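Laboratory data are not the source of any read-out in this text; all were calculated from the coordinates shown. Values in this document were obtained by computation on a predicted structure and should not be read as measured data.
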Amino acid sequence: MKLPILACFLVFSVMFSTPANAAFHCSADINRILIYGNGTVNILHSGRNDFTVICDLNNEWKGVSVTTCAMWTAMLQNIKKNNGKAIFYYGGEGTCAALPTYGSNPSPVYIGDI
């Protein structure tokens, strides 16, 4: 009798376990927003102090749609204009200071206004 209960416990443990992916976020001032002719949106924020691409206004980029990109860009322009702070959330392991630069970085999972 104990073996079926143990087997059920193991099956449920595997089914309902959560992955141990560490995520990280940057709370940052927006220093520069560059919009290139090809649609790439490249930003410089205080969490990285180098340029990182967040999306593309013409094509889906690393899972970020054109519509989301336009909304993020408008929000970041507003945050910068009002001297506010933004939050950039990334899945996986890393730190804001160590984000790869330009187009080598991962796409944010979300960007928000703090």
Exercise. Counting residues in the range 38-114 as N, plug N into 2.2 N^0.38 Å and put the Cα Rg over that result.
Key: 1.01
Quiz prompt | Centre separation in Å (Cα based) which lies between the range 82-98 and the range 35-55 | solution = 13
